[in-house]
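A.B. asks: Below: one structure in C-alpha coordinates.
The values are calculated or read from the model by the stated rules, or taken from the named source; none is laboratory data. Everything numeric in this text was worked out from a predicted model, so none of it was measured. Here Cβ is always computed from backbone atoms with ideal geometry, including for glycine, and neighbour counts include all displayed protein chains. The protein model used for the area step is the full one, side chains on, heavy atoms only, and it has no ligands, DNA or RNA in it. Shrake-Rupley method; radii C 1.70, N 1.55, O 1.52, S 1.80 Å.
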Amino acid sequence: WGGDLSGNSNPKNLTMNASKTVTAYFTQVQETVSKPNTPTGPSSGKAGQSLTFSTGGASSNLGHSVQYQFDWGDGSQSGWGSSSQSHSYSSSGTKYVKARARCQTHTSVVSGWSNTKSVSVSYCTLTINVNPSGKGSVSKSPNKSNYNYNESVQLTANANSGYKFDHWGGDLSGNSNPKNLTMNASKTVTAYFTQVQETVSKPNTPTG
(Lines give C-alpha, C1' and ligand atoms only; values in the text may rest on other atoms or scores of the structure.)
Protein backbone atom coordinates (compact mmCIF):
# COMPACT_ATOMS: atom_id res chain seq x y z
CA TRP A 1 0.00 0.00 0.00
CA GLY A 2 1.01 3.60 -0.54
CA GLY A 3 -0.21 7.08 0.24
CA ASP A 4 -2.21 7.16 3.47
CA LEU A 5 -1.88 3.39 3.95
CA SER A 6 1.32 1.38 4.30
CA GLY A 7 2.48 -2.20 4.57
CA ASN A 8 1.38 -5.21 2.54
CA SER A 9 -1.35 -6.79 4.66
CA ASN A 10 -4.37 -7.64 2.55
CA PRO A 11 -7.11 -6.86 3.45
CA LYS A 12 -6.22 -3.89 5.66
CA ASN A 13 -8.37 -1.47 7.68
CA LEU A 14 -8.18 2.32 7.24
CA THR A 15 -9.44 4.79 9.86
CA MET A 16 -11.12 7.73 8.12
CA ASN A 17 -10.08 10.59 10.44
CA ALA A 18 -9.58 12.82 7.42
CA SER A 19 -9.84 12.70 3.63
CA LYS A 20 -7.50 9.94 2.44
CA THR A 21 -5.67 8.93 -0.71
CA VAL A 22 -4.54 5.30 -1.01
CA THR A 23 -2.57 3.58 -3.79
CA ALA A 24 -2.47 -0.19 -4.26
CA TYR A 25 0.72 -1.33 -5.94
CA PHE A 26 0.80 -4.54 -8.02
CA THR A 27 3.77 -6.40 -9.54
CA GLN A 28 3.74 -8.82 -12.43
CA VAL A 29 4.08 -12.49 -11.48
CA GLN A 30 6.70 -14.35 -13.50
CA GLU A 31 5.29 -17.73 -14.54
CA THR A 32 7.40 -20.78 -13.84
CA VAL A 33 6.86 -24.47 -14.49
CA SER A 34 8.37 -27.01 -12.11
CA LYS A 35 10.46 -29.96 -13.30
CA PRO A 36 8.52 -33.19 -13.84
CA ASN A 37 9.15 -36.48 -12.08
CA THR A 38 11.82 -38.91 -13.24
CA PRO A 39 10.23 -40.98 -16.07
CA THR A 40 9.02 -44.47 -15.23
CA GLY A 41 8.90 -47.38 -17.66
CA PRO A 42 10.75 -50.54 -18.65
CA SER A 43 14.40 -50.90 -17.64
CA SER A 44 15.14 -53.03 -20.70
CA GLY A 45 13.77 -53.69 -24.15
CA LYS A 46 14.58 -54.83 -27.67
CA ALA A 47 15.58 -52.76 -30.69
CA GLY A 48 12.45 -52.11 -32.74
CA GLN A 49 10.13 -52.65 -29.75
CA SER A 50 7.68 -49.90 -28.76
CA LEU A 51 8.50 -48.88 -25.17
CA THR A 52 6.19 -46.62 -23.15
CA PHE A 53 7.42 -44.14 -20.52
CA SER A 54 5.43 -41.91 -18.17
CA THR A 55 6.14 -38.81 -16.12
CA GLY A 56 4.10 -36.17 -14.29
CA GLY A 57 4.25 -33.89 -11.29
CA ALA A 58 5.03 -30.66 -13.16
CA SER A 59 2.89 -27.59 -12.48
CA SER A 60 2.59 -23.93 -13.40
CA ASN A 61 2.67 -21.46 -10.51
CA LEU A 62 -0.25 -19.71 -12.22
CA GLY A 63 -2.31 -22.89 -12.32
CA HIS A 64 -2.15 -23.33 -16.10
CA SER A 65 -2.20 -26.77 -17.73
CA VAL A 66 1.16 -28.22 -18.76
CA GLN A 67 2.46 -30.39 -21.60
CA TYR A 68 5.37 -32.84 -21.54
CA GLN A 69 8.27 -33.66 -23.85
CA PHE A 70 10.63 -36.65 -23.64
CA ASP A 71 14.28 -36.82 -24.62
CA TRP A 72 14.79 -40.48 -25.56
CA GLY A 73 18.55 -40.51 -25.10
CA ASP A 74 19.29 -41.51 -28.71
CA GLY A 75 19.46 -38.04 -30.22
CA SER A 76 15.69 -37.67 -30.69
CA GLN A 77 12.87 -36.07 -28.73
CA SER A 78 9.12 -36.53 -28.64
CA GLY A 79 6.61 -33.88 -29.55
CA TRP A 80 4.92 -31.91 -26.80
CA GLY A 81 1.93 -33.80 -25.46
CA SER A 82 0.73 -36.15 -22.77
CA SER A 83 2.67 -37.38 -19.76
CA SER A 84 2.86 -40.90 -21.25
CA GLN A 85 4.51 -41.48 -24.63
CA SER A 86 6.13 -44.35 -26.56
CA HIS A 87 9.36 -44.73 -28.51
CA SER A 88 11.12 -47.43 -30.56
CA TYR A 89 14.91 -47.60 -30.55
CA SER A 90 16.85 -48.51 -33.70
CA SER A 91 20.14 -49.36 -31.95
CA SER A 92 21.30 -51.22 -28.88
CA GLY A 93 22.97 -49.80 -25.77
CA THR A 94 22.02 -47.98 -22.57
CA LYS A 95 19.69 -45.05 -23.20
CA TYR A 96 18.86 -42.29 -20.71
CA VAL A 97 15.29 -41.00 -20.87
CA LYS A 98 14.34 -37.63 -19.35
CA ALA A 99 11.36 -35.28 -19.53
CA ARG A 100 10.50 -31.61 -19.25
CA ALA A 101 7.27 -29.61 -19.15
CA ARG A 102 5.93 -26.34 -20.49
CA CYS A 103 2.90 -24.16 -19.96
CA GLN A 104 0.19 -25.03 -22.44
CA THR A 105 -1.00 -21.39 -22.52
CA HIS A 106 2.40 -19.67 -22.63
CA THR A 107 4.50 -22.23 -24.49
CA SER A 108 7.75 -20.29 -24.06
CA VAL A 109 7.68 -21.04 -20.32
CA VAL A 110 9.58 -24.33 -20.08
CA SER A 111 10.86 -26.26 -17.07
CA GLY A 112 14.27 -27.81 -16.65
CA TRP A 113 14.87 -31.46 -17.47
CA SER A 114 13.98 -34.18 -14.98
CA ASN A 115 16.39 -36.78 -13.67
CA THR A 116 17.06 -39.60 -16.14
CA LYS A 117 15.67 -43.12 -16.37
CA SER A 118 18.10 -45.67 -17.84
CA VAL A 119 16.91 -48.38 -20.23
CA SER A 120 19.10 -51.15 -21.66
CA VAL A 121 18.26 -51.86 -25.32
CA SER A 122 19.48 -55.06 -26.97
CA TYR A 123 18.87 -56.95 -30.20
CA CYS A 124 17.10 -60.30 -30.45
CA THR A 125 19.68 -63.04 -30.98
CA LEU A 126 19.11 -66.42 -32.63
CA THR A 127 21.04 -69.51 -31.53
CA ILE A 128 20.79 -72.59 -33.78
CA ASN A 129 21.75 -76.12 -32.76
CA VAL A 130 21.86 -79.30 -34.85
CA ASN A 131 21.11 -82.76 -33.41
CA PRO A 132 22.98 -85.03 -34.00
CA SER A 133 25.85 -82.58 -34.31
CA GLY A 134 27.39 -82.37 -37.77
CA LYS A 135 24.60 -84.28 -39.52
CA GLY A 136 23.02 -81.23 -41.09
CA SER A 137 22.86 -77.44 -41.10
CA VAL A 138 20.31 -74.62 -40.89
CA SER A 139 20.27 -71.58 -43.17
CA LYS A 140 18.69 -68.25 -42.15
CA SER A 141 16.97 -65.66 -44.33
CA PRO A 142 17.79 -62.89 -43.66
CA ASN A 143 21.15 -64.20 -42.47
CA LYS A 144 22.10 -61.86 -39.59
CA SER A 145 23.60 -62.05 -36.13
CA ASN A 146 21.03 -59.69 -34.60
CA TYR A 147 17.34 -59.11 -35.28
CA ASN A 148 14.91 -56.35 -34.38
CA TYR A 149 11.84 -56.99 -32.29
CA ASN A 150 9.10 -58.83 -34.25
CA GLU A 151 11.37 -59.31 -37.27
CA SER A 152 10.64 -62.54 -39.17
CA VAL A 153 13.39 -64.99 -40.16
CA GLN A 154 12.97 -68.07 -42.35
CA LEU A 155 14.85 -71.20 -41.27
CA THR A 156 15.69 -74.01 -43.69
CA ALA A 157 17.08 -77.34 -42.45
CA ASN A 158 19.60 -78.99 -44.77
CA ALA A 159 20.42 -82.67 -44.11
CA ASN A 160 23.80 -84.22 -44.84
CA SER A 161 24.09 -87.36 -46.96
CA GLY A 162 22.54 -90.32 -45.22
CA TYR A 163 20.29 -88.17 -43.01
CA LYS A 164 16.94 -86.44 -43.31
CA PHE A 165 15.33 -83.56 -41.42
CA ASP A 166 12.90 -84.78 -38.74
CA HIS A 167 11.55 -81.89 -36.65
CA TRP A 168 12.25 -78.56 -34.91
CA GLY A 169 12.80 -78.10 -31.18
CA GLY A 170 13.38 -75.31 -28.67
CA ASP A 171 11.57 -72.10 -29.65
CA LEU A 172 10.27 -73.66 -32.89
CA SER A 173 8.09 -76.74 -33.25
CA GLY A 174 6.68 -78.97 -35.96
CA ASN A 175 8.37 -80.42 -39.02
CA SER A 176 7.59 -77.90 -41.75
CA ASN A 177 10.70 -77.03 -43.72
CA PRO A 178 11.40 -74.19 -44.29
CA LYS A 179 9.61 -72.47 -41.40
CA ASN A 180 9.29 -68.84 -40.29
CA LEU A 181 10.18 -67.64 -36.79
CA THR A 182 9.09 -64.30 -35.26
CA MET A 183 11.85 -62.72 -33.22
CA ASN A 184 9.91 -61.19 -30.33
CA ALA A 185 12.73 -62.22 -27.96
CA SER A 186 16.10 -63.94 -28.16
CA LYS A 187 15.49 -67.50 -29.41
CA THR A 188 17.18 -70.89 -29.43
CA VAL A 189 16.18 -73.43 -32.10
CA THR A 190 17.33 -77.02 -32.60
CA ALA A 191 17.02 -78.89 -35.91
CA TYR A 192 16.73 -82.65 -35.42
CA PHE A 193 17.92 -85.03 -38.13
CA THR A 194 17.49 -88.80 -38.36
CA GLN A 195 19.59 -91.33 -40.21
CA VAL A 196 18.07 -92.73 -43.37
CA GLN A 197 17.81 -96.51 -43.14
CA GLU A 198 19.03 -98.06 -46.36
CA THR A 199 16.72 -100.61 -47.94
CA VAL A 200 17.01 -102.74 -51.06
CA SER A 201 13.83 -103.50 -52.96
CA LYS A 202 12.90 -107.03 -54.01
CA PRO A 203 13.78 -108.00 -57.58
CA ASN A 204 11.25 -108.93 -60.17
CA THR A 205 9.94 -112.46 -60.41
CA PRO A 206 12.38 -114.46 -62.48
CA THR A 207 11.39 -115.16 -66.04
CA GLY A 208 12.44 -118.10 -68.11
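A.B. asks: Computed FRET efficiency, Cβ-Cβ of SER137 and THR52, R0 45 Å: what is it to the nearest 0.05?
C.D. replies: 0.65
A.B. asks: If you don't mind, there's one more thing I want to ask. Determine the per residue accessible area of the chain with all protein chains present and a 1.4 angstrom probe, expressed in square angstrom.
C.D. replies: Computed with neighbouring chains in place, this is 61 Å² per residue.
A.B. asks: Continuing with this model, one more query. Considering only C-alpha atoms, what is the centroid distance from region 157-208 to region 79-134, in Å?
C.D. replies: 43
A.B. asks: Once phi is turned into θ = phi - 60°, what whole-Hz ³J(HN,Hα) does the Karplus curve with 6.51, -1.76 and 1.60 give for every residue of region 190-198, x standing for Gly and Pro?
C.D. replies: 3J(HN,Hα) across region 190-198, in whole Hz: 10, 9, 9, 10, 10, 6, 7, 7, 6.
A.B. asks: Taking only the alpha carbons of region 67-190, what extent do you get along each of the three principal axes, in Å, biggest first?
C.D. replies: 76, 21, 19
A.B. asks: Could you give the length gained by full extension between GLU31 and SER108, i.e. 0.36 nm per residue of separation minus their alpha carbon distance, to one decimal place?
C.D. replies: 26.7 nm
A.B. asks: Based on a Kirkwood Rh over C-alpha pairs, give the Stokes-Einstein translational diffusion coefficient of region 1-74 at 4 °C and viscosity 1.567 mPa s in µm²/s.
C.D. replies: Calculated translational D: 73 µm²/s.
A.B. asks: For the pair LEU5/ASN17, report the inter-label distance in nm, with labels modelled 7 Å from Cα in the Cβ direction.
C.D. replies: Taking the simple label geometry, LEU5 and ASN17 are separated by 1.8 nm.
A.B. asks: Rg and Dmax of region 103-166, Cα atoms, in Å?
C.D. replies: Rg, Dmax (Cα atoms, Å): 24.0, 77.
A.B. asks: Now for a different question. Evaluate the distance, in nm, between pseudo-label points positioned 7 Å from the Cα of THR40 and of LYS164 along their respective Cα→Cβ axes.
C.D. replies: Spacing of the two 7 Å Cα→Cβ label points: 5.8 nm.
A.B. asks: Based only on Cα atoms, what mean projected area does the convex hull of the chain have, in nm²?
C.D. replies: 19.8
A.B. asks: Still on this structure, please answer the following. Most fluctuating residue of THR15, THR125, THR27 in a GNM of the chain with Cα springs under 10 Å: which is it?
C.D. replies: Judging by the Gaussian network model, the answer is THR15.
A.B. asks: Run the accessible area of region 109-208 with a 1.4 Å probe and give the carbon-and-sulfur part as a rounded percent.
C.D. replies: Percent of accessible area from carbon and sulfur atoms in region 109-208: 41.
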